[in-house]
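Structure record follows, encoded as structure tokens.
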Amino acid sequence: MTSPGQPPPGYTHDDSDLAPSPVTPADLDGLLASVLFGPADRAALRTAGEVLSGQIDAVLDVWYGFVGSHPHLVAYFATPDGVPIAGHLARVRARFGRWILDTCTRPYDERWLAYQQEIALRHTEPKKNRTDHADSVPHIPLRHIIAFIHPITATIRPFLAAGGHDEEEVDAMHQAWSKAVTLQVALWSLPYAGRAW
């Protein structure tokens, strides 16, 4: 795992040349309202970030174990003939770890929106494989990104509970996490949907 003070390879949230998102702040406000995300969720996510910060590798072990146990998912990190690309998997893992912390700690502002658009594009043909110079399949179908909401949400709860908070606080963190993941997948669907978004 990359150290907290050092961004993972290919992580460009703070790059000055990051293209702005086509999603407006008003669009974002509407999506936040649609997932019922409010100030209490923002506070619960900050607490979740504190709880998860020391468990990132353990969370990633669970998620990578899930992906690794399903050949149809591993295929998106493999060569077109099905050979997993170890370096690509490792680089994505480091950024995935940073994504956990960003989900909990970053302000959901225009810079964050721009990076959500970058993440979205990296799942689709315009940018998949470019960041890591990987010889992999050209895109990840939207259906798998949507379906991944459940495992990413369901498996985080035991890690949130490990912080010693009471059940009500754990519930609040888990609900906030679920809303934040759903929100981001809605944003990541933009390149797939085009004008229909």
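Here, each number is a calculation from the coordinates, and none is a lab measurement. This is a predicted model, so every value here is computed, not measured. Methodologically, a virtual Cβ is constructed for each residue, glycine included, from the backbone with ideal geometry; neighbour enumeration extends over all protein chains shown.
Would you confirm whether any residue within segment 127-136 is at negative phi, part of a loop (DSSP other than H, G, I, E, B), under 13 Å from the mean Cα position of the chain (by Cα) and surrounded by 18 or more Cβ atoms within 10 Å (Cβ to Cβ)? It would help to see each step written out before you state the result.
As a first pass, look at segment 127-136 and keep what is at negative phi: 127-128, 130-132, 134-136.
The next check asks that each one be part of a loop (DSSP other than H, G, I, E, B); those that pass are 127-128, 130-132, 134-136.
Now drop any that are not under 13 Å from the mean Cα position of the chain (by Cα), which leaves none.
No; the residues of segment 127-136 include none that is at negative phi, part of a loop (DSSP other than H, G, I, E, B), under 13 Å from the mean Cα position of the chain (by Cα) and surrounded by 18 or more Cβ atoms within 10 Å (Cβ to Cβ).
Can you say whether His139 is touching a residue at least 40 places away in the same chain (Cβ under 8 Å) and either hydrophobic (A, V, I, L, M, F, W, C) or crowded, with 17+ Cβ neighbours inside 10 Å (or both), as far as the supplied structure shows? Give the steps one after another, and end with the answer.
Values: touching a residue at least 40 places away in the same chain (Cβ under 8 Å): no; either hydrophobic (A, V, I, L, M, F, W, C) or crowded, with 17+ Cβ neighbours inside 10 Å (or both): yes.
Criteria not met by His139.
Is there a residue in segment 49-65 that is outside any helix (DSSP H, G or I) and within 25 Å of Ser189 (Cβ to Cβ)?
Going residue by residue through segment 49-65, those that are outside any helix (DSSP H, G or I) are 53-55.
Next, only the ones that are within 25 Å of Ser189 (Cβ to Cβ) stay: none.
No, that holds for no residue.
Hey, Ala78 hits all of (1) among the hydrophobic types (A, V, I, L, M, F, W, C); (2) within 23 Å of Leu113 (Cα to Cα); (3) touching a strand residue (DSSP E or B) at 6+ places or on another chain (Cβ under 9 Å) but one; which does it fall short on?
For Ala78, the failing item is (2).
Could you say whether any residue in segment 36-50 is closer than 17 Å to Arg157 by Cα, β-branched (Val, Ile, Thr), out of contact with any strand residue (DSSP E or B) (no Cβ under 6 Å at 6 or more places or on another chain) and touching a residue at least 60 places away in the same chain (Cβ under 8 Å)?
yes
Can you find even one residue in segment 103-110 that is assigned to a helix (DSSP H, G or I), touching a helix residue (DSSP H, G or I) at 6+ places or on another chain (Cβ under 7 Å) and surrounded by 17 or more Cβ atoms within 10 Å (Cβ to Cβ)? Let's see the steps before the verdict.
Here is the first cut: in segment 103-110, the residues assigned to a helix (DSSP H, G or I) are 103-105, 110.
Those still in the list that are touching a helix residue (DSSP H, G or I) at 6+ places or on another chain (Cβ under 7 Å) too: 103-105, 110.
The next check asks that each one be surrounded by 17 or more Cβ atoms within 10 Å (Cβ to Cβ); those that pass are 103-104.
There is at least one residue in segment 103-110 that is assigned to a helix (DSSP H, G or I), touching a helix residue (DSSP H, G or I) at 6+ places or on another chain (Cβ under 7 Å) and surrounded by 17 or more Cβ atoms within 10 Å (Cβ to Cβ).
Looking at segment 156-197, which of the residues that are more than 14 Å from the chain's Cα centre (by Cα) and not in a helix (DSSP H, G or I) is nearest to Trp112 (Cα to Cα)?
Trp197
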